[in-house]
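Have a look at the structure below, then the notes.
The values are calculated or read from the model by the stated rules, or taken from the named source; none is laboratory data. None of these values were measured; they are calculated from a predicted model. Glycine gets a Cβ as well: all are built from the backbone with ideal geometry, and neighbour counts include every protein chain shown.
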Amino acid sequence: MEIGYYFILSGLMFCIGLVGVLLRRNAIVLFMCVELMLNAVNLTLAAAARMWAGPDGQVFVFFVIVVAAAEVVVGLAIIVNLYFRRGTLDVDVPQLLRW
Amino acid sequence: MEPSTPLWVPVLQTLVVFAYFLLFTALLIWAERRVVGRMQSRIGPNRIGPGGVLQTLIDGVKMFFKEDVTPSMVNNPIYTVAPLVGVIAGFLTVAVIPIGGEVTLFGEEFTLVVADLHVGVLWVLALSSLHVYSTFLAGWASNSPYPLMGGIRSSAQMISYEIAQGLAVASVFVYAGSLRVSDIVAAQAGSGPIAGMPGWYAIPLFPAFVVFVVGMVAEAGRPPFDLAEAEGELVGGFHTEYSGLRFGMFMLAEFMSVVVMSAIVVTLFLGGPSGPTFGLPDAVAWVMPVFWFTLKTAAFVFFFILLRGALPRTRYHRLMDLGWKVLIPVALVWVLVTAAWVLVSEAGGISAATRTWLAVGAGVIVIALLLTGERQTARATDADVDAWDDPDRDDPDRDAKPRAPHDEEVAP
Amino acid sequence: MTLLAQVAPTAGGTAEVVVFWVFAVIALGSAIAVISLRNVVHGAVMLVLNFLSIGGLFLTLESAFLSVIQVLVYGGAIMVLFLFVIMLLGVDRDDLLQADLRTRVLAIAGGALLAGAVLFAFVGPYTSEASVCGPDAPAPGPGEVACAGLAEAYDEDDGAGARFLGRSLFTTYTYPFELAALLLTVATIGAVILARRRDLEPEDEDLADLDAAAADDLDGDDLDGASGAAAERHVAGDGPGTTERGG
Amino acid sequence: MIQLAYAAGEANEVIEATSGVIGAAWLVPALPLVGFVVVLLATRTLRDRAAVIAIAASAAAFVVSVAVAIAVLADPASYVRPMPTWIDVGGFTVTFDLLVDQLTAVMLLVVTGVGFLVHLYSVGYMHGDERYPRFFAYLNLFLASMLILVLAGDLLTLFLGWELVGLSSYLLIGFWFEDASNASAAKKAFVTNRVGDVSFMVAMFLAFATFGTLEILELVEDAATLSSTTAFALVLLLMGGAAAKSAQIPLHVWLPDAMAGPTPVSALIHAATMVTAGVYLTVRMSPVLVASLDAMTVIAWIGALTALLAALVAVRQDDIKKILAYSTVSQLGFMFIAVGVGAFREAIFHLVTHAFFKGLLFLAAGSVMHAMANRTDIWRMGGLRKVMPVTFATSLIGWLAISGIPPFAGFFSKDQILTEAYLHGFGGVYVVGLVAAILTAFYMSRWFFLIFLGTPRWPADAHPHESPTTMTTPLIILAVLSAGGGLALNPVHSGPLYQFLAPVSASVEGLGLTPAGPLTEAVLIPVAIVAALVGIATAWAAYLRRDVSQGVVREPVRGPLAELFERKFFVDELYEAVFTRFGRRAAEVMVWFDTRVIDGAVNGAGAASLAVARTTRRTQTGGVRTYVGAMLAGAIVVVAVLMLQVR
């Protein structure tokens, strides 16, 4: 199997996730799309690890997973708070950092 | 696939193993009804087959042909998929469990395991973590309050106990030095560090064993940790809205998980299929591992049944307290102890006997911690119940009770 | 699955090709489903499916350990958390939360542009014969990139790469590893603090007293009436998610 | 061993002394410094008892000074007492080493002696003041500073003392700072001294650039190698510093105003010690001075003009202390005449006697003011002889001493200065000095007559009385010194002090100076006596012979010239017109520049940032998806650039 197809697949998945982030306004879905992008990156890293026959790519996948876990824990807590305070999950509504 | 192996060999392996577990599950259901019946001074099913042993089969047939009522408000795709997820996860879990040794049949040699993966132990954990989707999604898709409560409860419960279980398993594969189930089984064969005792990991890794067994009960959603279905509170929990074949799948998955969990604990801690062969001839010697494995698993299944018959359901916050405040710390400490033990062993310099006694001492300390920790947690939670629960909903008598002292200290 | 598990680590075979395409299709389909399904729970389930297929792809990449970790962490923990939050909040429909047409066109055009760039970059040098992984791949020609494959990098009895990864983590990447541990601790503490929900329980004297000072600060943040409405709704809803769906 | 360029006598040997009496010389400035710190810290707890500590510190310093002086007298040499290093940068080293020689010994005695007496006097004078302990703390600080100045073996260390002296002077002039005029007098003194300090600093720069060191002994040793131009500049720059500190024209304006401070301060600082720092400096650097005869001539003329003009102003002042202040300026002019004509030892001699009689006169004036409830107009006095016998008697001696009547101290010192001026060929300076001497006798007689003799003219509510013993005792001691000091120290032109100071005073023999005329010393001395008598007689005729009755101003002569003297030659007005107004105008220009240009630039930068921010902040929509979209656009650009580079 040519390694390039993994890269292409991962790139497409990344783009899909990115488009999702742009299309959706629901904070949870936004978050899921970010996870999608992270996984696309993971795929690239694993494929690269195989290409170079080195551990670095796999190690980075590991770290991405760790960071994603931390991110989800904090991010979901924020989303829960957001919902309780604003009554909505629309990311366009809380624009406290505007201007 | 290995080029030299004909295709039918793995197919046969798979069939044999799955048939074994299915049979076991059917017998379990029957046995549970009989045993619990005895414990409750009832007789239990005794009409179909000798001693009612075929009752499960008949029930299955009944469910298969029963009208499958799908409530109109359910979220159909998820509602349909949810029971399947549980059954599939249960079946896939057994793939890495060796139920016996090597068998030579028709000139082909094959082992009584579906797939001896390099990461077999993690495979078990991964699939048991997927199992949660079954109850969880079923609860949600039913679009009904009680199932949803059951689903949320079960998801919180399972991801809590998964951690403790994972850590307990971690001490096993740290000790064994391999993630492969067959390696772990092989390492437990023969006698262990203490002469005259089997080399089962339950002995050197006793705290991990205890944590795993407790976590296993919670993970399988069995009494006293069956908060997800909790008939008294949630009608039937996540499967309240299910009926017919789909309900049957949930039942199958639940009871199968009992068997699978028992099989896993036997494999990881009690030597799996290993045991004396009593010098039987090779032609029939392969039966003995299967026999030992079945015996050990049956013992554990019996243990599950006894628990169900003997213990009342725990309260939810005590369940969470036990998981987070007792089991996880104990398991974590035990992973560290095991790692230190392995490091010391590899470095050498300490005799086997000394190491053994050191480990025994560490184990005693950890168990003491476990017990005292449990008691302290119990005290603390009893005092904090009012703060934890919504007092008006869960405890109407709150105002009539004497308040805990710290409530009176609160300044307005 | 059985067959897959046994054949997957064998590099370069037709099995790998088949498995790759199966999982690639599932992964792309579920990814598109995630961003297009209106029902958040359906999207989340699709995301689980996507993660599982990524896990399968890891198998074909000779990274079985990563594969299991992927299923364990993403499938078993992260997505459960997502679903948990969705159900806790009772927000499984977001019919009103769609982007306007202009944004959609721009987003899809931008995504397509980036995807095109990716295709443009990888088709060719990385999809040649030489990029078929394995020690016996032909030498790469000009502009081609070779793929070494992990089979020879692993220990004899380490088909999954657990040892391989572990050795790196505890030697070369010790400090990042420790930092990751720290990060998790911090995230845990942060989540606990964020999840206190003190503003919703003014009648709870214990919490109100403990956090009186902090609550004062936070009151200023409440710029509109939405919080009050949310709190009301939360209390009245009792069982989350029960009143939202229309069948 | 270094052979110093002092050729007036046998050259001094330089000895490093770490033990013995000289080794303890560091105690002299250290004791009052400790006293200062202790008194300042213990102000609240000790209250009035603090004075005891301060007086003990000054007394101890005096005792040590006497011991040091005896040691130097017994074994004359230039002693260097090694002390810690202050600055050590590259080749530039400044130490706190002390230089103890004959000049130092004399100065130590004068400073600590008069200082001690003034401390003693202050106990009575300052009694009841609300900041009584602080006054003593400041006195101790001044004493320590002055002693650092005198003992310094390095010009920079000397400058440190010089500045500390200025600081304590500032603090003491403005001691009663509640009165705005006192505060402004203090500021005036401080600012005027800054002008001189700049000159002094430039002198140090020049000295360092020329010699590569600021150590006094090395400067003195190398002085002969100076080129005439450098020497001229260096000497005049040093003189600039000295002129400010010693109130020489044109930097004399601060001293009369400094009389705003308490009278003991005037006696100690503005008559006896601090103002002589300039004289000390020039004498200390005398080998440098003799390198440039032109510069010395300038100094001599500055001194002469100062002596004359200050005396003229003193003639028409009515304030009991102002007269003494201008008299001090005039007498300092005499000292600079001596320095300028190369009579360094005579300058020191006059410095010493002047410290005695001017300290005495100031303390007597303080005593009178004490008695008259701080009234200072001499026309409102008269006839105090009867109510204040001790003050009268001591003032009588002081009056005779400053007027130049033999055998009192002032006669010897002043006469020797004038004689030297004549004999060194400065005829003009001699004539001016003689006129100034006559005027001195005149105005001091006016001062004395109007206060103590004649009929009482004081107001009915004044109840003059004799001062307490703590105040009269210093008066008596100083009176004795004023009476016999000159005769004891240097009765003839080559007396004991003259001999004693020979090794530290540069010789002018090589300059080729010749007497200005045929007169000899035998003629000049009677001339001086006659001049003094003429001044006294004129004053007697003008103020005592006629009856000056109460409440009537009776200046015998009026006219524009008298007006000129009375208004102090309009120097303050001139300075006001030139420097102050110029300064104000410059400040206005600077204010305009600051508010318009600098603030404009700053505000403009701020306004520009605000304008940019106002437009660019529109990009901060607060919407997550906007940011993601921007990132996407950025990613596309980056990928595009990369691909263009690769392909």
Task: Number of the condition not met by residue D:303 [criteria: (1) of a type outside the set (Val, Ile, Thr); (2) in a helix (DSSP H, G or I); (3) over 24 Å from residue D:422 (Cβ atoms)] - done: (3)
Task: Test: residue B:109 is among the charged types (D, E, K, R) and under 30 Å from residue C:156 (Cβ atoms) - done: yes
Task: All positions within the stretch A:12-48 that are more than 14 Å from the chain's Cα centre (by Cα), in a helix (DSSP H, G or I) and facing chain C (nearest Cβ under 7 Å) - done: A:23, A:46, A:47
TODO: Could you tell me which of the residues A:64, A:72 is within 12 Å of the chain's Cα centre (by Cα) and surrounded by fewer than 18 Cβ atoms within 10 Å (Cβ to Cβ)?
DONE: A:64
- [ ] For residue D:345, work out the one condition from (1) crowded, with 24+ Cβ neighbours inside 10 Å; (2) within 24 Å of residue D:127 (Cα to Cα); (3) among the basic types (Lys, Arg) it doesn't fulfil.
- [x] (2)
Open item on the list: Could you check the stretch D:89-109 and list, in sequence order, the residues that are surrounded by fewer than 24 Cβ atoms within 10 Å (Cβ to Cβ) and under 30 Å from residue D:132 (Cβ atoms)?
Closed with: D:109
Open item on the list: Let me spell it out: the conditions are (1) surrounded by 11 or more Cβ atoms within 10 Å (Cβ to Cβ); (2) away from every other protein chain (no Cβ under 14 Å), and residue D:592 meets all of them except one. Which number is the exception?
Closed with: (1)
Task: Residue tally, condition assigned to a loop (DSSP other than H, G, I, E, B) and under 30 Å from residue D:229 (Cα atoms), over the stretch D:258-294 - done: 4
Task: Positions within the stretch A:21-57 being closer than 13 Å to residue C:82 by Cβ and touching a residue at least 60 places away in the same chain (Cβ under 8 Å), in sequence order - done: A:26, A:27, A:28, A:30
TODO: Just give me the residues in the stretch A:55-70 being more than 7 Å from chain C (Cβ to nearest Cβ) and modelled with pLDDT under 90, in sequence order.
DONE: A:56, A:57
Open item on the list: Going residue by residue through the stretch D:577-593, is there one that turns out to be out of contact with any Ser or Thr (no Cβ under 8 Å at 6 or more places or on another chain), of a type in the set (Lys, Arg) and more than 21 Å from residue D:195 (Cα to Cα)?
Closed with: no
Open item on the list: Restricting to the stretch B:255-273, name every residue that is farther than 22 Å from residue B:170 by Cβ and surrounded by fewer than 24 Cβ atoms within 10 Å (Cβ to Cβ).
Closed with: B:255
- [ ] Please indicate, with yes or no, whether at least one residue in the stretch D:57-77 is in contact with a Phe, Trp or Tyr (Cβ under 6 Å, 6 or more places away or on another chain), modelled with pLDDT under 90 and surrounded by fewer than 24 Cβ atoms within 10 Å (Cβ to Cβ).
- [x] no
Task: Looking only at the stretch A:1-11, and only at residues there that are more than 14 Å from the chain's Cα centre (by Cα) and under 19 Å from residue C:111 (Cβ atoms), the one that is surrounded by the most Cβ atoms within 10 Å (Cβ to Cβ) - done: A:9
TODO: State yes or no: is residue D:105 farther than 15 Å from residue D:266 by Cα, touching a Phe, Trp or Tyr at 6+ places or on another chain (Cβ under 8 Å) and at pLDDT 85 or above?
DONE: no
Open item on the list: For the list (1) closer than 12 Å to residue D:337 by Cα; (2) surrounded by fewer than 24 Cβ atoms within 10 Å (Cβ to Cβ), I need the number of the one condition that residue D:436 fails.
Closed with: (2)
- [ ] Scan the helices (runs of 4 or more DSSP H) fully inside the stretch B:118-226 and keep the ones with 1 or more residues being within 11 Å of chain C (Cβ to nearest Cβ) and surrounded by 21 or more Cβ atoms within 10 Å (Cβ to Cβ).
- [x] B:120-141, B:145-176
